[in-house]
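For reference, the structure is listed below as structure tokens.
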Amino acid sequence: MRDISWRKSSFSGNGVDNACLELAAADGAIHLRESEDPGTAIRTAPRPLAAFVRAAKAGVFDNLR
């Protein structure tokens with residue numbers, strides 16, 4: 001993946017042990033990665049990500065097993 005500008009979640013702290021979600025917008029897509037594994041990232045379009053966030057906020061995934 002080419003160099004893109006990653007943004008750290010505002011919910012993360014500033015310490016070394018504060019793993020977080022990082023986001024980047026590039027090439028018309030949204031890229032997401034875990035700060036503890038920066039070599040692995042997923043790519044999605046804005047609309048599916050927005051739908052996922054709305055579902056998560058609504059509690060759709062709260063009781064998955």
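The values are calculated or read from the model by the stated rules, or taken from the named source; none is laboratory data. Keep in mind it's a predicted model, so treat the numbers as computed, not measured. Neighbour counts are summed over all protein chains in view; Cβ atoms, including those assigned to glycine, are modelled from backbone coordinates with ideal geometry. These area figures cover heavy atoms from the full protein model, side chains too; ligands, DNA and RNA do not enter into them. Shrake-Rupley method; radii C 1.70, N 1.55, O 1.52, S 1.80 Å.
Each peptide in 39-46, 53-60 gets a packing score, the mean of other Cβ atoms within 10 Å over its residues, and the list from highest to lowest is 39-46, 53-60.
Remark: the D3-V53 segment gains 15.4 nm on full extension, using 0.36 nm per residue and subtracting the alpha carbon distance.
The heavy atoms of D3 present about 150 square angstrom of accessible area, all protein chains included, probe 1.4 Å. Full extension of the chain between R65 and E36 gives 7.9 nm of extra length, using 0.36 nm per residue less the Cα-Cα distance.
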